[in-house]
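The structure's right below; bear with me while I get my questions together.
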Amino acid sequence: MRNLDFSSWQAVITTLLGLVVVTVMMVGIRLLVMETVQQRRNRENRQINERLRTLIAAYKTLGGSFTGELAVDPTHLRDLLASAGGGDTEAGEDISASVSFDRSRRIRDAVEGALSDVILLGTEQQVLLAARAATDLVAGRPVHTDELVVSLRDFIRKVLDLEPVPTKLAIPKQGPTRPGGGGGGKGKGDTGGGDRAGTKQDGKGAGAGGGSAAGGAMGLGLGAGCESSDFEGGGLPTAPPGRLTIS
């Protein structure tokens, strides 16, 4: 307050302008800092959400089954062809057709993608487990993902502020999700559609044939109704008494 000069109107105006300028600068600096902090928080939240979404998808892929075969079969088509004798072309084609949509191959492909995501966005422990599983796949050894699934589950629950799974609770081992098959139903639908289309075409053909037959019958009836005496001098037939003239 000692530095404020109110001795004259000019001094008062100058003092007020100085206070306004200082206040505007302080508010601007505060807004700039708040905007910078808010942008950083939004960026961190987006990164966390994207990471969490990817790891949840990997958890569902790696641990979506509790029953059946829980190990991942690393066998590739080339291995089957080599074991069956690659020189036999017909045998190779039969094997290729039989395993093109095989469930174990699709499971392996999905697991490989999930392991890649875990290696990219997982914690140190998860990266080590995923790298070990990928190494086993490359070496051709069956892979179990239950240990990695437990690590992902604990991490996801911790990030979501959920209570940890009780240690006394016995959860069965989890394995990769088994893809469902929908090709059979589609094929049946296509076949039914073809049958219905054929039935419609047959109905149209039958209708056209019936119409032609009806037209021929009407022509025969008209020809039979006209007698030879109705023709005079080779001209058009004349209508007898009581008969309608067809124009």
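Conditions (1) modelled with pLDDT under 90; (2) over 29 Å from residue 129 (Cβ atoms); (3) surrounded by 10 or more Cβ atoms within 10 Å (Cβ to Cβ); (4) not acidic (Asp, Glu), marked per residue:
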site: 10; (1), (2), (3), (4): yes, yes, no, yes
site: 32; (1), (2), (3), (4): no, yes, yes, yes
site: 39; (1), (2), (3), (4): no, yes, yes, yes
site: 47; (1), (2), (3), (4): no, no, yes, yes
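Still on this structure: From the set of residues in the stretch 142-172 that are charged (D, E, K, R) and either at pLDDT 90 or above or part of a helix (DSSP H, G or I) (or both), which is farthest from residue 123 (Cα to Cα)?
163
The values are calculated or read from the model by the stated rules, or taken from the named source; none is laboratory data. These numbers were taken from a predicted model, which means no experiment stands behind them. As a convention, Cβ positions derive from the backbone with ideal geometry for all residues, glycine included, and neighbour counts pool all protein chains shown.
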